[in-house]
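Just so it is clear, none of the values below were taken in a lab; they were calculated from the coordinates. Being a predicted model, the structure only gives us computed values, none of them experimental. Every residue, glycine among them, receives a Cβ derived from its backbone with ideal geometry; neighbour counts consider all protein chains shown.
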Amino acid sequence: MRKPLIIANWKMNKTISETEQYAQEFLQLKKNTERIDLVICPPFTGLAKLRAVCKEQINLGGQNMFWENSGAYTGEISADMLLSCGCRYVIVGHSERRRLFNESNSIVNRKMKIALEKRLIPVLCVGETLQERENKLAYDIVSEQLREGLAGLEPPGHSWAVAYEPVWAIGTGENAYPDDAQVMAAFIRAELGTFNKSLPSYTRILYGGSVTENNAAAFFAQADIDGALIGGASLNAETFANIAGKYKTDD
Ligand code: PEP
């Protein structure tokens, strides 16, 4: 069985004192969390504070990283550095990275490679723009992002995730219909099977794009959706805890 995975992506938000306040509040509020992998991806500057306050109670993730281990790469951060801050997860290829920082599929591929080598759990983000959707290219684009993002990689053999995040739904308040997200998640699962037969059974597929307390349960109820990647709604500790509480596990 795939363990549900719910990830907060804070993007470029929260100072150290705001991080500390959130962490204390969230620890009081979180529920149902033994059966779910809960991850917070703060800005890099917040990692140490989250680790200090939450200890092992919350998983930490990086929002991004570079593919080299060290060297003259001003402004970048390596997988080893994330690991040394206590991160187990890293988001790779978020659409904001692709759009604002020109991350191509081949750059995403290099980052995936180092994440897997270092045994960080990568969360590979894929998704189409509005224009691509209107031109009926959504499935082609997602397929290409998977093919090029995973090119030449050994199957991870350990836990990892793909997040389907339609670009038009990120931070817009316009979520995909849960049924449509399910169809895309099933497509992604089938595509993963063309890389390696065992990938579909253990890859966790998440939905991301304007998930809120009101719509989360409808996404979590879908057969191929194993959790969510949440931006705006994760910035409030109570809201994020409530969203995690919407995931109904069997036991
Ligand atoms: C995201 O940042 O990955 C995201 C899905 O953002 P939001 O929930 O705000 O749409």
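Selection among GLY62, VAL92, GLY193 by position relative to the dipole of the chain gives GLY62 as farthest towards the positive end (Cβ unit charges, Cα centre). The gain in end-to-end length when the ALA186 to LEU27 segment is fully stretched comes to 53.9 nm, 0.36 nm per residue minus the alpha carbon separation.
Could I have the simple spin-label model distance between LYS3 and ARG119, label points 7 Å from Cα toward Cβ, reported in nm to one decimal? For the pair LYS3/ARG119, the computed spacing is 1.5 nm. In this Cβ point-charge picture (+1 for Lys and Arg, -1 for Asp and Glu), the chain has a dipole of about 540 debye about its Cα centre. Using R₀ = 30 Å, calculate the FRET efficiency as 1/(1 + (r/R₀)^6) where r is the Cβ-Cβ separation of ARG88 and ALA151; round to 0.05. Efficiency, from the Cβ-Cβ distance: 0.75.
Full extension of the chain between LEU100 and PHE195 yields a length gain of 31.3 nm, computed as 0.36 nm times the residue separation minus the alpha carbon distance. Once divided by 2.2 N^0.38 Å, the Cα radius of gyration of segment 11-101 becomes 1.13. A straight line joining the Cα centroids of segment 101-133 and segment 1-18 runs 18 Å.
Ordered by the number of other Cβ atoms lying within 10 Å of each residue's own Cβ, fewest first, CYS54, CYS87 fall into the sequence CYS54, CYS87. Going by a ≥ b ≥ c, the root eigenvalues of the Cα gyration tensor, does the chain fall in the rounded group (a/c under 1.5), the prolate group (a/b larger than b/c) or the oblate group? It comes out rounded by the Cα gyration axes. Under the combined filter of DSSP loop state and at most 11 neighbouring Cβ atoms within 10 Å, segment 187-251 retains these trypsin sites (Lys or Arg not before Pro): LYS197, LYS248.
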